[in-house]
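Below is one structure, written out as structure tokens; comments come after it.
The values are calculated or read from the model by the stated rules, or taken from the named source; none is laboratory data. Treat the numbers as computed from the prediction; the structure is a model and nothing was measured. Here the Cβ is made from the backbone with ideal geometry for all residues, glycine too, and neighbour counts use every protein chain on show. SASA here: full protein model, heavy atoms, side chains in, ligands and nucleic acids out. Shrake-Rupley method; radii C 1.70, N 1.55, O 1.52, S 1.80 Å.
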Amino acid sequence: MVGGEVVKILSVEFVSNWSWGLIFNQMKNLSKHKIERVFMSDTGEVDESKHDMVLIQNVTLLEKVKNKIRSVCRLGGNRSFENRNIAPILESMSKCYALIATNKKLFEIAKSVNENSYLIPNGLDIREWKPRNSSFVVGFCGNIAGAQYRQYKGFDFVKEACENLGLELRTALYKDRQIPHDRMMEDFYYKVDCLVHPTLGEGCSNTLMEACACGVPVITTREAGFHGEMMEDGVNVLFCERTTESIQNKIKMLSNDAALRWRLSSGA
């Protein structure tokens with residue numbers, strides 16, 4: 001509230017689903033302010049004149065907003081700063097009212113150009129996302145719709161490792177018979193005994209966050225953004241290399257050690 005009045009907030013997003021869609025729904029359910037949204041898949045520019053504040057859901061959308069002084073921009077992923085000229089992005093970030101980073105690496109980038117920066121990983125209601133009871137199955141969740149995404153997420157390493165071990169691999173894939181998000185807990189996380197996520201890089205992975213909340217033991221890389229930074233090998237995660245052999249060894253270790261599975265599940 002500002003002087004007892006409702007603040008009008010505009011959420012600038014790429015599309016209506018995926019991580020920014022989840023964030024929008026959480027804000028709308030928890031906030032007393034009026035929150036509207038605009039999608040860059042529908043328009044090429046943003047008219048923020050009727051709003052008190054603009055929430056930009058990813059730093060690559062900053063160019064769409066003219067009045068940055070009223071903007072809070074979220075640094076959603078490490079890839080936004082890879083293989084491109086980041087000078088214009090940093091300049092735009094410096095003009096924002098505030099920046100929200102989803103992991104430590106992004107926070108260091110944010111505070112180097114804007115002192116009003118905060119480290120806030122994505123949120124999850126753990127009253128809804130809970131552990132389950134079942135038998136051992138390997139899970140993989142992600143977007144592998146194109147060759148670049150498939151390689152970035154390391155899906156083929158997981159697939160080959162499971163084939164070598166003779167284990168079932170259950171997947172939840174973007175656009176490929178995609179499981180609705182409100183069914184993911186029942187139809188995916190409750191049906192796998194570990195989640196393997198050999199990513200090349202993340203900001204703050206919703207997949208890892210959800211798996212941890214559901215008590216699913218996680219095998220991932222140290223490049224997994226916020227979780228790669230904050231989790232401890234053997235305590236609440238197993239870190240792997242992006243090779244079939246490494247992933248296969250970690251899966252075998254988990255499948256043969258119930259005490260380790262319990263430790264990782266409880267720690268996560």
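Summary of values
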quantity	calculated
Selection within segment 227-238 - closer than 20 Å to Pro121 by Cα and not acidic (Asp, Glu)	His227, Gly228, Met230, Met231, Asn236, Val237
When residues of segment 148-161 are limited to those that are within 20 Å of the chain's Cα centre (by Cα) and of a type outside the set (Phe, Trp, Tyr), the one surrounded by the fewest Cβ atoms within 10 Å (Cβ to Cβ)	Gln148
Candidates Ser49, Ser135 - the one that is among the hydroxyl-bearing types (Ser, Thr, Tyr) and either buried (at least 21 other Cβ atoms within 10 Å of the Cβ) or touching an Asp or Glu at 6+ places or on another chain (Cβ under 8 Å) (or both)	Ser135
Leu90 being out of contact with any strand residue (DSSP E or B) (no Cβ under 9 Å at 6 or more places or on another chain) and either surrounded by 14 or more Cβ atoms within 10 Å (Cβ to Cβ) or not hydroxyl-bearing (Ser, Thr, Tyr) (or both)	yes
For Phe239: the one exception among (1) closer than 15 Å to Ser265 by Cβ; (2) of a type outside the set (S, T, N, Q); (3) open to solvent by 10 Å² or more (accessible area, probe 1.4 Å)	(1)
Segment 244-264, residues that are at pLDDT 95 or above, open to solvent by less than 60 Å² (accessible area, probe 1.4 Å) and among the polar types (S, T, N, Q)	Thr244, Ser246, Gln248
Test set (1) within 15 Å of the chain's Cα centre (by Cα); (2) assigned to a strand (DSSP E or B); (3) charged (D, E, K, R) - Arg79 fails condition number	(2)
Some residue of segment 181-204 being of a type in the set (S, T, N, Q), crowded, with 20+ Cβ neighbours inside 10 Å and farther than 16 Å from Gly123 by Cβ	yes
